[in-house]
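Working notes, beginning with the structure itself.
The values are calculated or read from the model by the stated rules, or taken from the named source; none is laboratory data. Every value quoted in this text rests on a predicted model; they were computed, and no experiment measured them. Ideal geometry is used to build each Cβ from the backbone, glycine not excepted, and the neighbour counts take in all protein chains shown. These area figures cover heavy atoms from the full protein model, side chains too; ligands, DNA and RNA do not enter into them. Shrake-Rupley method; radii C 1.70, N 1.55, O 1.52, S 1.80 Å.
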Amino acid sequence: ASDCSLKNYKALHFRFSKKQNRLIVSSDEPLIIENKALGYTIRYQLEEFYCDFSTHITLYLGYPLFREMSANKRKQARWEQQRRQAYYGSITHFMKCLYNDQLMKNGYQVIKAIKVANLEKQRVKELYKANAPVADTFQVQQNGELKRINNRAVFSADSVAYYNSVLSQEDFFDKHLLLTTDSLISVDHNGAKSLFFTGKIYIIYKDEKGQYNQSEIYLVTPMPVQIVKNGSYYPPQEILANGYWAAYEKVANELPVDYKINND
């Protein structure tokens with residue numbers, strides 16, 4: 001982003017809505033952005049931009065037109081290296097891998113967290129309820145954890161400590177499920193592919209250096225999102241991202257929809 005500049009910033013108009021608690025930005029002409037990090041001049045037709053201070057959501061929509069800058073071979077090679085870095089792990093790369101059923105091959109894992117009942121806590125609750133444990137001044141003289149005295153249960157000190165630790169746990173905990181492409185994608189009679197899921201899913205990406213990043217996405221409406229072979233998806237405002245993609249998916253890292261790496 002530090003290598004990007006907006007040449008006609010005076011075309012922007014800012015308005016703050018107290019009622020919506022939003023900063024709204026519009027432009028009366030296409031924005032001209034020079035991205036010297038990736039070697040593009042971008043003509044960006046801004047359709048919508050707002051920053052919502054109540055929900056902490058920033059949304060922008062528009063149509064970018066890319067034109068490659070000219071440079072010597074050394075700079076061209078640096079641009080290509082940085083374009084590859086911007087491409088791998090991006091939401092476009094993810095959608096392309098999802099479309100081609102090549103998520104794991106390309107370093108992706110899709111995780112969904114579901115709520116699962118804490119069965120051990122339920123068991124301990126029932127044990128306490130049935131036996132109404134007495135004060136631990138009673139001495140357990142038999143082998144094992146408890147014995148009956150006057151139809152009441154006496155627990156050893158170790159058992160009491162364990163049961164109390166279990167009772168302090170949550171009633172439900174998250175269980176992580178590894179999702180497959182088949183569970184995320186549906187194909188209609190024309191061969192069009194759509195992404196649909198409920199709740200939140202986590203996208204974990206491992207790059208070629210072994211480093212990980214994690215994003216979290218959910219569908220706003222929710223409604224199916226159509227994806228195409230080049231990694232584009234519609235409608236774009238249906239997917240809300242947190243984590244890595246929320247910080248990373250900006251114009252400074254954006255590439256043309258027809259960008260392709262030779263071995264991709």
- Checking ASN118, ASN100, ASN213 against a Gaussian network model of the chain (alpha-carbon springs below 10 Å), the top fluctuating residue turns out to be ASN118
- Query: So what is the accessible area of the chain per residue, in Å², with the probe set to 1.4 Å?
  - Reply: 65
- the chain: radius of gyration over Cα atoms, expressed as a fraction of 2.2 N^0.38 Å: 1.50
- Note on the structure: Carbon/sulfur accessible area of the chain, % of total, 1.4 Å probe, equals 50
- Query: How high is the FRET efficiency between GLU47 and GLU120 when r is their beta carbon distance and R₀ equals 51 Å, given to the nearest 0.05?
  - Reply: 0.45
- Query: Full extension from TYR218 to ILE261: what is 0.36 nm times the residue separation minus their Cα-Cα distance, to one decimal in nm?
  - Reply: 12.6 nm
- Nearest 10 degrees, 0 to 90: what angle lies between the long axis of helix 73-87 and the longest principal axis of the chain (Cα atoms)? 40
- For the range 198-247, what log10 I(q)/I(0) values come out of the Debye formula at q = 0.15, 0.21 1/Å, with one point per alpha carbon and no solvent? -0.47, -0.84
- Roughly what % of Cα-Cα distances in the range 56-109 sit above 13 Å, to the whole percent? 72
- Grab the DSSP H runs of the chain that are 4 residues or longer, score each as -39,500 (n - 2.57), total them, divide by all residues and round the 222 nm result to the nearest 500 deg cm²/dmol. -6000 deg cm²/dmol
- The extension gain from LEU179 to LYS209, computed as 0.36 nm times the residue separation minus the Cα-Cα distance, is 8.4 nm
- Note on the structure: hull vol. (C-alpha, convex hull) per residue for the range 1-64, Å³ -> 92
- Message: Given a 10 angstrom Cα cut-off, can you work out which residue in ASP158, ASP28, ASP182 is the most mobile in a GNM of the chain?
- Response: ASP158
- Under a point spin-label approximation (7 Å from Cα along Cα-to-Cβ), what is the HIS189-LYS7 distance to one decimal in nm? 5.0
- Item | Rounded to 10°, Cα long-axis angle of helix 157-167 versus longest principal axis of the chain | 40
- Short version: ³J(HN,Hα) in whole Hz for each residue of the range 238-250, in order, from phi by Karplus 6.51 cos²θ - 1.76 cosθ + 1.60 (θ = phi - 60°), x for Gly and Pro, what are they? 6, 9, 10, 10, 10, x, 4, 5, 4, 8, 9, 7, 10
- Nearest-ten-degree value, helix 119-131 long axis tilted from longest Cα axis of the chain: 20
- Message: Expected output is a single nm value to one decimal: the length gained when fully extending between GLU34 and GLU249, i.e. 0.36 nm times separation in residues minus the C-alpha distance. What is it?
- Response: 75.7 nm
